Amino acid sequence: SAINLAEFAMMGDILARCALGISRPRVALLNIGAEEMKGKEEIHKAAQMIRNSHMNIDFIGYIEPHEIPNDKADVIVADGFTGNIALKSIEGTARLVIRMIKNAVAKIGLPFMMGVVLRVKKTMDPRLYNGAMFVGLNGLSVKSHGGTDALGFSVAVSNAANLVRQNFVSTIRCEIEKLDLDELSQEAIYDVY
C-alpha cells in the first residue's frame with residue numbers, strides 16, 4: 001500500500017544512514033517512468049505522502065529500473081515483488097557481464113587483464129552485499145541468500161551486528177511513532193486526484 005511504501009522510504013533512509021554511513025541518503029520510488037502520470041496509484045500516493053510529511057528525507061522522486069546502477073539514488077523503495085524482480089534481473093546481468101569479460105580476456109590474454117578482471121569481479125560480488133535486513137519488526141532479522149557461502153554469511157552477520165550496536169530497531173520505532181501516515185494517506189488521495 002502507499003502507507004507501506006512511505007514507511008519503507010523512512011526505514012530505508014534510516015538503514016542507509018546506520019548501515020552504510022550515508023549522512024543524507026537520496027531516496028526514490030521504483031516506477032516505470034519518471035513522469036507523474038506513469039505507474040500505479042499506490043506509488044503516486046506514497047510519493048505525495050513522503051513529500052507532505054515531516055520526514056527529513058531527501059526524496060528525489062521516481063527512479064526507473066534502468067537507472068538503478070547509475071548512482072542516482074542511495075535507497076530505492078519498491079514493493080517486495082517488484083523489488084525482487086529488479087534484484088534478480090541485476091544479478092543475472094552482472095553474471096552475464098562477468099562471463100563476457102572472462103571470455104573476452106581469454107581471447108586477448110589473461111595475464112595482461114587479470115588485475116582488471118579481479119577488480120570488476122570484486123566490485124560485482126554479491127556476497128559482499130549479502131543479507132537483506134527485515135526492518136519494522138520488534139527486532140532485527142537478516143535473510144541471507146540461499147546460494148551464499150561463508151564469506152557472504154559473515155557479511156550478513158557483521159551488518160546485523162552493526163545495526164544492533166546503533167540501536168537501529170529503536171530508531172525506526174521512534175520515527176514511525178512520530179508519523180501520522182493515515183492522515184497523510186487521506187491527504188495523498190486528494191492530491192493524486
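The values are calculated or read from the model by the stated rules, or taken from the named source; none is laboratory data. Computed from a predicted model, the values in this text were never measured in an experiment. Neighbour counts run over all protein chains shown; Cβ positions are idealised from the backbone, glycine included. When the accessible area is computed, the model is the full protein with side chains, heavy atoms only, and any ligands, DNA or RNA have been set aside. Shrake-Rupley method; radii C 1.70, N 1.55, O 1.52, S 1.80 Å.
Some observations on this one:
- Taking each residue of the range 26-51 that is over 14 Å from GLU7 (Cα atoms) and basic (Lys, Arg) and looking for partners that are in a loop (DSSP other than H, G, I, E, B) and open to solvent by less than 40 Å² (accessible area, probe 1.4 Å) with beta-carbon atoms closer than 7 Å, six or more apart or interchain, yields ARG26/ALA73; LYS38/ASN31.
Let's see how each residue does on (1) under 13 Å from the mean Cα position of the chain (by Cα); (2) under 24 Å from VAL164 (Cβ atoms):
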position	(1), (2)
ILE3	no, no
ILE14	yes, yes
ARG26	yes, no
GLN48	no, no
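- Only residues that are more than 19 Å from SER144 (Cα to Cα) and in contact (Cβ under 8 Å) with a residue 60 or more places away in the chain were counted in the range 158-178, giving 6.
- Scanning the range 161-177 for residues that are out of contact with any helix residue (DSSP H, G or I) (no Cβ under 8 Å at 6 or more places or on another chain) and not in a helix (DSSP H, G or I) yields a single hit, ASN167.
- Out of LYS88, LYS45, LYS38, LYS107, one residue alone is on the phi < 0 side of the Ramachandran plot and either modelled with pLDDT under 80 or among the acidic types (Asp, Glu) (or both). It is LYS107.
- Per the conditions (1) under 30 Å from PHE168 (Cα atoms); (2) in contact with a helix residue (DSSP H, G or I) (Cβ under 8 Å, 6 or more places away or on another chain), the sole criterion not satisfied by ASP125 is (2).
- Scanning the range 14-29 for residues that are modelled with pLDDT of 90 or more, in contact with a Phe, Trp or Tyr (Cβ under 9 Å, 6 or more places away or on another chain) and under 26 Å from VAL155 (Cα atoms) yields ARG26, VAL27, ALA28.
- Selected residue (criterion: farthest from TYR129 (Cα to Cα)) from residues of the range 76-106 that are polar (S, T, N, Q) and without any contact (Cβ under 8 Å) to a residue 24 or more places away in the chain: ASN103
- Flag for GLY139 being outside any helix (DSSP H, G or I) and either more than 24 Å from ASP74 (Cβ to Cβ) or open to solvent by 70 Å² or more (accessible area, probe 1.4 Å) (or both): yes
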